[in-house]
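Input: a single structure, listed below in structure tokens.
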Amino acid sequence: QVQLVESGGGLVQAGGSLRLSCYASGRTFSGYTMGWFRQAPGIERSFVAAITWTGDRIYYADSAKGRFTISRDNAKNTVYLQMNNLKPEDTAVYYCAAALSTRPTIAREVDYWGQGTRVTVSS
């Protein structure tokens with residue numbers, strides 16, 4: 001069992017930055033790929049970024065490349081998403097995800113979800 005708790009969301013002006021954090025608890029955290037998805041009202045939950053246990057493989061959605069950086073600190077059981085140059089279209093609830101799959105780029109590949117943290121980017 002893995003429990004995920006996100007933090008760091010909020011309201012930011014376009015062009016600004018936010019850093020999301022996800023703390024994972026549970027004895028089975030070791031070996032999990034961690035990632036982030038996002039969902040806006042009426043829109044399908046979509047992949048943002050993922051990082052494997054060792055950090056040897058990192059994946060980004062096209063919309064995130066060049067602006068977002070995912071990282072993890074296994075000693076702290078925490079994964080981060082640094083978001084720079086935010087745009088209004090980034091507005092969504094961001095969900096932390098944990099998966100046994102090494103590339104959980106669709107929601108069905110995710111084994112555990114956090115409750116989400118809201119990000120709002122104003123024009």
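Can you find a residue in region 42-50 that is of a type in the set (A, V, I, L, M), closer than 19 Å to residue 14 by Cα and touching a helix residue (DSSP H, G or I) at 6+ places or on another chain (Cβ under 8 Å)? No, that holds for no residue. Looking across region 1-39, the residues that are modelled with pLDDT of 95 or more and assigned to a loop (DSSP other than H, G, I, E, B) come down to 8, 9, 14, 15, 16, 17. Scanning region 49-67 for residues that are outside any strand (DSSP E or B), open to solvent by 40 Å² or more (accessible area, probe 1.4 Å) and β-branched (Val, Ile, Thr) returns a single hit, 54. The set of residues in region 100-123 being part of a helix (DSSP H, G or I) and free of Cβ contacts under 8 Å to residues at least 60 places away in the same chain consists of 108, 109.
Tell me yes or no: at least one residue of region 34-48 is open to solvent by 50 Å² or more (accessible area, probe 1.4 Å) and at positive phi. Within region 34-48 (the criterion being open to solvent by 50 Å² or more (accessible area, probe 1.4 Å) and at positive phi), the answer is yes, since at least one residue qualifies.
Consider residue 99 carefully, then state whether it is open to solvent by 20 Å² or more (accessible area, probe 1.4 Å) and over 23 Å from residue 15 (Cα atoms). No, not satisfied.
The values are calculated or read from the model by the stated rules, or taken from the named source; none is laboratory data. Everything quoted here is computed from the prediction, not taken from an experiment. Virtual Cβ from ideal backbone geometry, glycine too; neighbours counted across all protein chains shown. Ligands, DNA and RNA are stripped out before the accessible areas are found, and what is left, the full protein with its side chains, is counted by its heavy atoms. Shrake-Rupley method; radii C 1.70, N 1.55, O 1.52, S 1.80 Å.
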